[in-house]
Amino acid sequence: MIKELFFEGKTIDDAVVKAAAQLGQDKDFLEYEVVTMPVKGLFGLGAVNAKIKIEKEVPDEPEAATAEAEQAPAEDAFVEKIAKRDHPESVPPRAERPERSERPERRERSSRGRRDRRGDRAPKAPLVLPDPAPEIEDEVSAALIEFLKGTTDAMGLSDAEIRVGSREADSYEATVSGSKMGVLIGRRGESLDAVQYLAGLFVNRKLDKKVKVTVDTENYRAKRVAALEDLAEKTADKAARYRKNITLEPMSPYERRVIHAKLTGRANITTFSVGSEPRRKVVVSYTEEAVEAAPAEPTEE
């Protein structure tokens, strides 16, 4: 069952933050519709709060079962009273009659309804975090540690510990650990991406080499990919259920590629991007006709 929830705030962002706090979700992943645009008013008079609507799927079985449980005693008492009046010898005591929740036909109908709502989607697999790359000590790792140590100190992360490993030639993975790593990650990983980009420039220019540099902390990148893939599946389910296009929040090129790749080959679902950087968005589109699998990394990105 789809339930419509409404939230208000002085601005749209305030309403989104309030909704995220109440629903216990990341505000960057919320899908909402603006119902009322905010109006500041004149000297505080005539001001109108922003109002957003969020559609949330909630189970309808517990509510129906609760209502039925509340009605059951009154209904059973009335039926028992009438039956006793007409056929007092044929009515067993109420304690011997099966409860409504134990009746097999209702259990079968309820379980079938839950299966229909879930569809054929496979259960969510547990998140498997990658093992750290074998540690390496060379001029590249030394330069990388030098840059990251200076950067973390400048960000007030003086207790940061840096480890550099490598899985293949010309590819280095730096892992930063310590307290307050949220400062290094930033909003949706924007600060971490910027540090990674600058670290690559620093190492390549200082050593006159061309190496690939990855910077991570608290396994943020693996967790982010898992969250994006889960978002892609849920959005595709919703697009197929309501047969409409759904536009996601603006994402980086890397994050958009994760969404495209996850939904490649999904029946009746296509993806494409709209807008321009840095607010380019992925659209998850429902189509009646089956489509051929798209490349994992669309050229448009």
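Check region 17-24 and report whether any residue there is under 24 Å from MET251 (Cβ atoms), loosely packed, with under 13 Cβ neighbours inside 10 Å and modelled with pLDDT of 75 or more.
Filtering region 17-24 for residues under 24 Å from MET251 (Cβ atoms) gives 17-21, 23-24.
Now restrict to residues that are loosely packed, with under 13 Cβ neighbours inside 10 Å: 21, 24.
Filter once more, so that each one left must be modelled with pLDDT of 75 or more: 21, 24.
Yes, some residue in region 17-24 is under 24 Å from MET251 (Cβ atoms), loosely packed, with under 13 Cβ neighbours inside 10 Å and modelled with pLDDT of 75 or more.
Would you call LYS209 in contact (Cβ under 8 Å) with a residue 60 or more places away in the chain, out of contact with any Asp or Glu (no Cβ under 7 Å at 6 or more places or on another chain) and not in a helix (DSSP H, G or I)?
Working: in contact (Cβ under 8 Å) with a residue 60 or more places away in the chain: yes; out of contact with any Asp or Glu (no Cβ under 7 Å at 6 or more places or on another chain): yes; not in a helix (DSSP H, G or I): yes.
Here the answer is yes, as LYS209 does meet what is asked.
Can you find a residue in region 229-245 that is aromatic (Phe, Trp, Tyr), at pLDDT below 90 and at negative phi? Even if it seems obvious, please write down each step before you answer.
So in region 229-245, the residues aromatic (Phe, Trp, Tyr) come out as 242.
Still in the running and at pLDDT below 90: none.
No, region 229-245 has no match at all.
Among residues belonging to region 39-63 that are at pLDDT 80 or above and either part of a loop (DSSP other than H, G, I, E, B) or β-branched (Val, Ile, Thr) (or both), point out the one that is farthest from LYS27 (Cα to Cα). Explain how you work it out, then say what you get.
Just the residues of region 39-63 that are at pLDDT 80 or above, to begin with: 48-55.
If we keep only those that are either part of a loop (DSSP other than H, G, I, E, B) or β-branched (Val, Ile, Thr) (or both) too, we end up with 48-49, 52, 54.
On the way: VAL48: 22, ASN49: 19, ILE52: 13, ILE54: 12 Å.
The residue in question is VAL48.
The values are calculated or read from the model by the stated rules, or taken from the named source; none is laboratory data. Since the model is a prediction, treat every value here as computed from it, not as a measurement. Positions of Cβ are generated from backbone atoms using ideal geometry, with glycine treated the same way; all protein chains shown enter the neighbour counts.
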